[in-house]
Structures are given as C-alpha cells and as structure tokens.
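Since the structure comes first, as structure tokens, the remarks are kept for the end.
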Amino acid sequence: MDTTAADETVEPTPPWKIITVMTVISALTVAAYWLWPKPLDTSHTQLEISASSKFTRAQLDDLVQAVYRENVSMKSCSVDKVKYDEKQSEEIIDMEIADYDEGHGSALGRAARQHGRDGAAVVFVDMTCREHVDDEDHMEEFMLLPQADGTQAWELQDRGNG
C-alpha cells in the first residue's frame with residue numbers, strides 16, 4: 001500500500017523573496033558592468049590634424065593609429081582628442097633637442113639627433129578615464145623611424161603630461 005500523501009501542498013514563495021533575489025541579481029549585474037575594465041574607446045575621438053609640410057596625409061593617419069596602439073592598455077579610458085599642430089610640434093622638438101644637447105636626457109631630443117628631426121612629431125592626446133590616471137591630458141612624442149624591412153613606422157620615444 002502506498003503511504004505517500006498525494007494531497008500535500010507546496011507553499012508558494014513569498015513575493016518579497018522573489019523581489020529580493022531579483023534585486024540582488026540586478027545589482028550584481030550592474031556592478032560587474034561598471035567595474036569590469038573596458039577596452040580603450042576610440043569611437044568618438046576628435047582629430048585635429050594641421051596641414052603638414054613634413055608628413056603626408058597617410059603618415060599622419062598612421063600617426064593617429066600609433067597613438068591608439070600605444071594607449072590600448074589604458075582600460076576603461078576613451079581617447080577624446082588627438083591633436084597634431086605642426087608649428088607647436090616643431091617648437092617642442094626644438095626645445096627637446098636643446099634639452100638633450102644640454103645633457104638633460106630628452107628621449108625625443110636624442111632620437112632627433114640620432115635619426116634627424118624630419119621624422120619627429122609631437123602629438124597631444126586628451127583622454128578620459130573612469131579612474132584618474134597620470135596619463136590624462138598628455139602629450140606623446142613620436143618618431144617616424146626606418147624599420148629592418150625598409151618601411152617606416154611611428155615609434156613612441158617619450159610621453160609626458162602637459
């Protein structure tokens with residue numbers, strides 16, 4: 001003979017428990033979304049690239065891509081603006097070469113002396129990061145340097161806050 005009661009009823013889960021569980025799950029999902037590092041955002045970057053007597057448009061486009069490559073490790077940050085102003089860049093290059101000649105250890109000045117200043121460019125990069133980092137609103141100093149295969153590629157020589 002079967003002794004199990006077929007007429008046992010299961011109590012429904014109270015609505016407050018369901019709401020509590022849903023709230024906790026929602027809060028954890030939102031926290032994970034905001035706290036998880038996101039890749040560098042370049043989708044809204046404003047480009048301010050002056051006319052250049054030193055570089056072709058393709059070289060300047062490559063320079064912007066070099067900026068992105070150099071900053072790709074900046075998680076949860078966005079590149080707001082990349083600015084290349086040739087006049088301003090040339091003034092900074094002159095200053096960096098003078099600093100190097102005076103023994104102040106300028107990386108760009110050393111590279112310009114070694115490879116010539118014609119391939120040097122100073123780029124200003126404005127970034128916004130979820131957490132403040134020292135590299136926000138910084139300038140980067142690049143050189144267009146010959147590679148082993150004969151091509152030329154931008155290589156970061158130095159970066160600094162400006």
Helices (runs of 4 or more DSSP H) wholly inside the stretch 1-120 that include at least 1 residues being under 23 Å from the mean Cα position of the chain (by Cα), at pLDDT 85 or above and over 25 Å from Thr151 (Cβ atoms)
86-101
Restricting the stretch 121-139 to residues that are of a type in the set (A, V, I, L, M) and open to solvent by 10 Å² or more (accessible area, probe 1.4 Å), which is modelled with the highest pLDDT?
Met139
The stretch 68-86, residues that are surrounded by 17 or more Cβ atoms within 10 Å (Cβ to Cβ) and among the aliphatic types (A, V, I, L, M):
Met74, Val79, Val82
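The values are calculated or read from the model by the stated rules, or taken from the named source; none is laboratory data. Just so we're clear, the structure is a prediction, and the values are computed from it rather than from any experiment. Ideal geometry is used to build each Cβ from the backbone, glycine not excepted, and the neighbour counts take in all protein chains shown. To get the accessible areas, we keep the full protein, side chains included, count just its heavy atoms, and leave off ligands, DNA and RNA. Shrake-Rupley method; radii C 1.70, N 1.55, O 1.52, S 1.80 Å.
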